[in-house]
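Data first, discussion second: the structure below is written as structure tokens.
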Amino acid sequence: MFYFILKRAVSSFFILLAATALMFVLAINSGDPYHDLAELRGPDKESRIAARTEAMHLDQPVHIRYILWLQEIGRCIVPGGAQCTLGLDRVGNPVVEQLQSAVGSTFRLVIVATVLAIILGVLVGVVTALRQYSVFDYSITFVAFLLFSMPLFWLSTLLKQYLAIGLNTWLANPAMSYLGIAVLGLVAGLIWMIVIGGDTRRRVRVFAIAAVATSLTFLLLLITGWFKTPGFGPFGVLVSAFAIAVGATALFAGFRRRRVVYATLATAAAGFVGYLVTMPLMEDPNWLTIAALAVVTVAVSAAIGHFVGGPYAKQARQLTAVVGLLIGFIVFLDALLHAYPSLSRKNGGRPIPTTGSSTPNLEGTFWEVNLDYALYLILPTIAIMLISFAMYTRYTRASQLDVMTQDYIRTARAKGLSERTVVVKHAFRNAMIPITTLMAFDFAGVLGGAVVTESVFGWNGMGKMFTDGLTNVDPNVIMAFFLVTGVAAVTFNMLADIAYAFLDPRISLN
């Protein structure tokens, strides 16, 4: 594997070198770098032109300017050398300062949206493949094609109008008539009826239960003022912990292996106890504390699976680690929600922002600051996620259907393996091979496609940096954007090839 990575790294280096050379030529010929100085009148005109010429090396030929840019890249790679600047922009400031600010903002947006799209898209794609030609399959197919064909800028505008502005207005005074609650329950019942499926009697039962449960739950939330002061509370965390344990066990292991069931339930109980014990630590922590608690959670959960799992200790360890992390996420989310009332007072009672990436000059606790980041992520994340979700759903469905007709799947069923084992352990793993390639290219594609999203939602990320550099004919700024996206594309493509060896035993990297 070492020689494979080395060979790919060398070939990727020359690919990036050729790509950056072509991009540099395009960037410097995209306009007149003096266009804003040509109309100046005053004694400082000549000095400003001279300063820009020196900062951007405009008095040098193209190949010399490219070599000078490569020299700036080398300063960032070689430790202990000159200061890393990635070149100077049109006003003489180091480009690396703009890039550091923009990368964090864009990566926060892209990573969250891509991970959510992968998880939800792959999960829904597998389910639609297993329930081919059902009402659920047709419904998801319709939604996927609708989202896939929808322009991103138009979807973003719809989200601003109906999700942000409308919901912000409602949250200022959360109230709903009994008729509205009943309609909401009927819609939820219809959705759950389509998702669960089954014969007519089962669908009617699911519809009735879901409609009544949704209506009563929403009415209870309105009566208790939950939308003003949201949060799970101890009871909500307890119920969520055991629901996660039961759901994960049903999905990945089944209830026949009692020791695995006992291990996940014990993990849920331990997670609730940990939630009560760590309350003082969670009042105003930092990311180092959160990371340490996550490591302890995984270690304790895996230990419970090891000692309680018995003959199924390996499976129990993996399952309890996942359950523990999910419970930890619920605890983290509960702490974020408890910061909502104080943050709402500070930002004027409009919880879902429509533009920007954070509240300017916000001073607050750890939870208030990160809840502010999360609220600014809602609209752009949904916009990017919905488009990617449609793509992952269709590709996963097609791949899963292709795998389910293979001979080794029929052999696994003939051996008497349960359908859960056949799907999760045998079919899903092989169906993920083509999806891995899609994931690798999608990350770099979304990173570049964030230009549109950031422009619509006013994010100060790499997209804005790129458009500003293109407008101002600033090659070093454009090249910084291209360098990050190019390295990301090459790196994730190599990671996809490495992942093939783990997903498909027929592929060797030697």
Single match in Ala102, Ala117, Ala113 (criterion: under 19 Å from the mean Cα position of the chain (by Cα) and modelled with pLDDT under 85): Ala102
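One line per residue, one yes/no per condition, for (1) farther than 25 Å from Ser156 by Cα; (2) open to solvent by 20 Å² or more (accessible area, probe 1.4 Å); (3) in a helix (DSSP H, G or I):
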{"site": "Gly416", "(1), (2), (3)": "yes, yes, no"}
{"site": "Arg429", "(1), (2), (3)": "yes, yes, yes"}
{"site": "Phe441", "(1), (2), (3)": "no, yes, yes"}
{"site": "Ala444", "(1), (2), (3)": "no, no, yes"}
{"site": "Val456", "(1), (2), (3)": "no, yes, yes"}
{"site": "Met465", "(1), (2), (3)": "no, no, yes"}
Residue that is modelled with pLDDT under 85, open to solvent by 60 Å² or more (accessible area, probe 1.4 Å) and either touching a Phe, Trp or Tyr at 6+ places or on another chain (Cβ under 9 Å) or on the phi > 0 side of the Ramachandran plot (or both), where the choices are Gly92, Gly80: Gly80
Only one of Ala444, Ala427, Ala450 that is at pLDDT 85 or above and within 27 Å of the chain's Cα centre (by Cα): Ala427
Residue check, Thr214 within 30 Å of Val135 (Cα to Cα) and polar (S, T, N, Q): yes
Residue within region 392-401 that is touching a residue at least 12 places away in the same chain (Cβ under 8 Å) and within 20 Å of Gln315 (Cα to Cα) present: no
Within region 359-387, tally of residues that are surrounded by 17 or more Cβ atoms within 10 Å (Cβ to Cβ) and in contact with an Asp or Glu (Cβ under 6 Å, 6 or more places away or on another chain): 2
Residue count for region 227-256, restricted to those that are closer than 25 Å to Leu123 by Cα and of a type in the set (D, E, K, R): 1
Number of positions in region 231-244 that are open to solvent by 60 Å² or more (accessible area, probe 1.4 Å) and part of a loop (DSSP other than H, G, I, E, B): 1
Residues that are without any contact (Cβ under 8 Å) to a residue 60 or more places away in the chain, in a loop (DSSP other than H, G, I, E, B) and either open to solvent by less than 60 Å² (accessible area, probe 1.4 Å) or within 21 Å of Leu379 (Cα to Cα) (or both), drawn from region 107-152: Ser149, Pro151
Per-region count, region 245-277, residues surrounded by fewer than 17 Cβ atoms within 10 Å (Cβ to Cβ), farther than 22 Å from Phe428 by Cα, free of Cβ contacts under 8 Å to residues at least 40 places away in the same chain and not basic (Lys, Arg): 3
Selection count, region 177-227, where residues are part of a loop (DSSP other than H, G, I, E, B) and surrounded by 12 or more Cβ atoms within 10 Å (Cβ to Cβ): 4
Single condition Ile5 does not satisfy, out of (1) more than 30 Å from Ala501 (Cβ to Cβ); (2) touching a residue at least 12 places away in the same chain (Cβ under 8 Å); (3) in contact with a helix residue (DSSP H, G or I) (Cβ under 8 Å, 6 or more places away or on another chain); (4) aliphatic (A, V, I, L, M): (1)
Search result, residues across region 337-353 that are open to solvent by 20 Å² or more (accessible area, probe 1.4 Å) and in contact (Cβ under 8 Å) with a residue 12 or more places away in the chain: Leu337, His338, Tyr340, Pro341, Ser342, Lys346, Asn347, Gly349, Arg350, Pro353
Positions within region 21-66 being under 18 Å from Ala480 (Cβ atoms) and among the β-branched types (Val, Ile, Thr), in sequence order: Val25, Ile28
When residues of region 447-475 are limited to those that are touching a Pro at 6+ places or on another chain (Cβ under 9 Å) and among the polar types (S, T, N, Q), the one nearest to Gly31 (Cα to Cα): Asn472
Matching residues, region 321-355, being of a type outside the set (A, V, I, L, M, F, W, C) and in a loop (DSSP other than H, G, I, E, B): Asn347, Gly348, Gly349, Arg350, Pro351, Pro353, Thr354, Thr355
Test: residue in region 3-23 that is assigned to a loop (DSSP other than H, G, I, E, B) and over 19 Å from Phe466 (Cβ atoms): no
Tyr408 being surrounded by fewer than 17 Cβ atoms within 10 Å (Cβ to Cβ) and among the aromatic types (Phe, Trp, Tyr): yes
Cβ-Cβ under 6 Å pairs, at least 6 apart or on other chains, region 224-235 side at pLDDT below 90, far side in a loop (DSSP other than H, G, I, E, B) and of a type outside the set (Asp, Glu): Phe227/Pro174
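The values are calculated or read from the model by the stated rules, or taken from the named source; none is laboratory data. The structure presented is a predicted model; accordingly, all values stated were derived computationally and were not measured. All Cβ positions, glycine included, derive from the backbone under ideal geometry; neighbour counts span all protein chains shown. Side chains included, ligands, DNA and RNA excluded: accessible areas come from the protein's heavy atoms. Shrake-Rupley method; radii C 1.70, N 1.55, O 1.52, S 1.80 Å.
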